[in-house]
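Accompanying notes for the structure given below.
The values are calculated or read from the model by the stated rules, or taken from the named source; none is laboratory data. A quick note: this is a predicted structure, and the numbers were derived from the prediction, not measured. Neighbour counts run over all protein chains shown; Cβ positions are idealised from the backbone, glycine included. Just the protein is used for accessible areas: all its heavy atoms, side chains included, with ligands, DNA and RNA removed. Shrake-Rupley method; radii C 1.70, N 1.55, O 1.52, S 1.80 Å.
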Amino acid sequence: MISTYLKPLAEVDEARADHLAFVTELEEAGYSVTAGRIDPPTGGIILLDVDTEAEAHELLAKDPYVQRGLASYTATGWHPARGALAGYQRVRKS
């Protein structure tokens, strides 16, 4: 999922701690593989391990950035075929 900030960075940063806590929850539940801010900071990327685009959007609807109108997400499907994530195995916690 690729996010685009909809508000000035200073406004986004006011909610950053809440957003990072949300991302930590996704990681602990086994949904987020990796995440980070785009450089320059116009949005970010969250690599999710989900079965459908709808599931990704459902999860990210709970992101404080989305709930506060600070960012929107676009889905881009991807299947790692090479490199560090080529043998990635799902780790989902109940």
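Here is how the numbers come out for the structure above:
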read-out: Among the candidates ARG82, ARG90, residue that is surrounded by 10 or more Cβ atoms within 10 Å (Cβ to Cβ), over 12 Å from the mean Cα position of the chain (by Cα) and part of a loop (DSSP other than H, G, I, E, B); value: ARG90
read-out: Residues (in a loop (DSSP other than H, G, I, E, B) and either at pLDDT 95 or above or touching a strand residue (DSSP E or B) at 6+ places or on another chain (Cβ under 8 Å) (or both)) located in region 53-79; value: ALA61, LYS62, ASP63, ARG68, GLY69, LEU70, ALA75, THR76, TRP78
read-out: Residue among GLY69, GLY30 that alone is small (Gly, Ala, Ser), within 23 Å of LEU9 (Cα to Cα) and touching a residue at least 12 places away in the same chain (Cβ under 8 Å); value: GLY69
read-out: Test: residue in region 36-48 that is open to solvent by 50 Å² or more (accessible area, probe 1.4 Å) and at pLDDT below 95; value: no
read-out: Count - residues of region 49-66 that are touching a residue at least 40 places away in the same chain (Cβ under 8 Å) and open to solvent by less than 60 Å² (accessible area, probe 1.4 Å); value: 6
